[in-house]
Amino acid sequence: QVQLVESGGGLVQAGGSLRLSCAASGRTLSSYRMGWFRQAPGQERQLVAHIAWTRGNTYHSESVKGRFTISRDTAKNTVYLQMNSLKPEDTAVYYCAASNRIAGWTMASNYDFWGQGTQVTVSS
């Protein structure tokens, strides 16, 4: 089992920044891909970004590329999502997730473990 706990959400004005953290515990994460997803009311859960735990290579969705950055600190067992230039359409619950699959990391169904989520609200 992998336990994931998110923190860092909140209310911010458009153009502002937030940094989300995801503290992981349980199994070693060396073979895992870590992802951040978001889900707005009435919408499906969508990938924001993912990162390979060991190699650190990343992928960011087109909607956040250039504004958000995923990173990880292997010593702290923590994944981060730095969010800059926030827009009202970024408002959602943000989830951290871990996948032990070898591909398909853009799909929520390919992630095995999830955090409880943290609310991000961007006011205009």
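Quick look at the values:
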{"quantity": "Residue within region 69-79 that is at pLDDT 95 or above, outside any strand (DSSP E or B), buried (at least 16 other Cβ atoms within 10 Å of the Cβ) and not polar (S, T, N, Q) present", "calculated": "no"}
{"quantity": "Verdict on Tyr59 being under 14 Å from the mean Cα position of the chain (by Cα), open to solvent by less than 50 Å² (accessible area, probe 1.4 Å), at pLDDT 95 or above and aromatic (Phe, Trp, Tyr)", "calculated": "no"}
{"quantity": "Qualifying residue in region 36-48 (condition: at pLDDT 95 or above, under 10 Å from the mean Cα position of the chain (by Cα), of a type in the set (A, V, I, L, M) and under 15 Å from Val2 (Cβ atoms))", "calculated": "no"}
{"quantity": "Flag for Asn84 being in contact with a Lys or Arg (Cβ under 9 Å, 6 or more places away or on another chain), at pLDDT below 95 and open to solvent by 30 Å² or more (accessible area, probe 1.4 Å)", "calculated": "no"}
{"quantity": "Pairs where the first residue, in region 41-56, is under 17 Å from Gly117 (Cβ atoms) and assigned to a loop (DSSP other than H, G, I, E, B) and the second is open to solvent by less than 90 Å² (accessible area, probe 1.4 Å) and not aliphatic (A, V, I, L, M), C-beta under 6 Å, 6+ apart", "calculated": "Arg45/Phe37; Arg45/Gln39"}
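The values are calculated or read from the model by the stated rules, or taken from the named source; none is laboratory data. In this text the structure is predicted, and so the values were computed from the model without any measurement. Here the Cβ is made from the backbone with ideal geometry for all residues, glycine too, and neighbour counts use every protein chain on show. Note: areas computed on protein heavy atoms with side chains; ligands, DNA, RNA excluded. Shrake-Rupley method; radii C 1.70, N 1.55, O 1.52, S 1.80 Å.
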